[in-house]
1. Given (1) touching a residue at least 60 places away in the same chain (Cβ under 8 Å); (2) within 18 Å of residue 172 (Cα to Cα), where does residue 228 come up short, assuming only one miss?
2. Check residue 288 against each of (1) modelled with pLDDT under 90; (2) among the hydrophobic types (A, V, I, L, M, F, W, C); (3) under 18 Å from the mean Cα position of the chain (by Cα) and name the one condition it does not meet.
3. Scan region 220-243 residue by residue and report those that are assigned to a loop (DSSP other than H, G, I, E, B), open to solvent by 20 Å² or more (accessible area, probe 1.4 Å) and either β-branched (Val, Ile, Thr) or modelled with pLDDT of 90 or more (or both).
4. How about region 103-126: which of its residues are in contact with a helix residue (DSSP H, G or I) (Cβ under 8 Å, 6 or more places away or on another chain) and either modelled with pLDDT under 85 or of a type in the set (D, E, K, R) (or both)?
5. Of the residues in region 6-60, how many are touching a residue at least 40 places away in the same chain (Cβ under 8 Å), farther than 26 Å from residue 97 by Cα and in a helix (DSSP H, G or I)?
6. Of all residues in region 32-68 being open to solvent by 50 Å² or more (accessible area, probe 1.4 Å) and closer than 28 Å to residue 124 by Cα, which is farthest from the chain's Cα centre (by Cα)?
7. What do you reckon, is residue 207 aromatic (Phe, Trp, Tyr) and in contact (Cβ under 8 Å) with a residue 24 or more places away in the chain?
Amino acid sequence: MALDIALLHAVVAVAKAGGFREAARMTGSNPSRLSDAVRRAEEQLGVRLFNRTTRTVALTEAGRALMTRLMPAMNEVDAALDSLNHFRNTPGGTLRINVPVSAARLVLPSIVPGFLARYPDIQLEVVAESNVQDIFRDGCDAGIRYDDHLEQDMVALPIGPRVQRFAAAASSAYLEKFGTPQHPRDLLQHRCLYGRYATGVISDWEFEKGEEVVRLQPKGPLICSIGAAMDLTVAAAVSGAGVVYLFEDWIKPALDNGSLQPILSEWWQSFSGLWLYYNDRRLIPAPLQAFLDYVRELNVQPRMD
């Protein structure tokens with residue numbers, strides 16, 4: 001039974017993504033085109049592959065049977081095509097990386113422009129989000145996480161600064177009105193500007209000085225979703241709305257220009273930097289290998305102070 005391989009790719013993409021909209025985002029297509037490709041595949045095969053409702057797209061029993069045999073074969077096709085990169089002057093293709101928003105904002109800007117300049121035929125897609133999830137669920141090739149969020153059985157490569165800090169700050173106007181905290185527990189009497197994860201969890205603010213560790217649950221007038229929305233907490237702090245406690249590099253511009261004043265700096269907690277991780281049990285595609293090599297090169301270059 002002959003079937004256009006492009007239709008097979010569409011079927012596999014929808015099956016992996018669990019829906020047309022997500023599959024379109026992953027493949028750079030559009031939902032209607034993928035829906036039409038799946039319909040034509042079903043017509044040619046003479047069997048329904050997906051059960052569709054207005055909210056869900058799920059494989060039928062026949063679809064699951066096909067995917068069991070088809071996905072390994074399609075992976076081999078992708079690997080065969082990727083092997084052609086060895087005959088190119090520079091590798092090409094798509095590289096998808098799942099990262100926390102903090103990495104996209106604070107670490108990747110010093111890496112990505114140089115990487116894209118060196119490898120103009122690689123299309124890099126960065127999936128930035130606050131939720132920690134299986135990076136391969138969305139068809140990503142690698143992920144960036146902190147130590148406590150590393151996946152098991154992964155190869156980890158350091159990326160970006162190896163030590164980072166949280167920093168507490170407020171505007172001069174706020175401190176003049178409400179006073180300057182002298183101890184982290186004083187923040188319980190202050191207006192804190194903080195974040196909430198998509199899971200609903202609000203992390204404690206944790207401070208450390210010598211052997212003393214202080215954890216407190218922030219309270220205040222503004223809660224933002226962890227991620228890019230945290231920029232709003234910085235803006236609110238600059239305007240005098242309260243105290244912010246974020247990555248030092250995130251609020252460094254405001255500290256440098258004086259719109260925020262550091263507080264409790266002797267209590268700022270340090271933590272280890274980010275890691276780029278990937279599964280070495282899979283065939284490493286050429287775009288990912290190029291990115292790994294580029295990051296390793298940056299890691300060994302001497303720092304210029």
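1. (2)
2. (1)
3. 220, 221, 226, 239, 240, 241, listed by residue number.
4. Matches in region 103-126: 105, 118.
5. Selection size over region 6-60: 2.
6. Going through the qualifying residues, I end up with 36.
7. So residue 207 fits the description; yes.
Let's see how each residue does on (1) open to solvent by less than 30 Å² (accessible area, probe 1.4 Å); (2) part of a helix (DSSP H, G or I):
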position	(1), (2)
245	yes, no
266	no, yes
276	yes, no
292	yes, yes
295	yes, yes
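The values are calculated or read from the model by the stated rules, or taken from the named source; none is laboratory data. If you're wondering where the values come from, they're calculated on a predicted model, not measured in any experiment. Glycine also receives a Cβ, built like all others from the backbone with ideal geometry; neighbour counts cover every protein chain displayed. Surface accessibility is based on the protein's heavy atoms, side chains included, excluding ligands, DNA and RNA. Shrake-Rupley method; radii C 1.70, N 1.55, O 1.52, S 1.80 Å.
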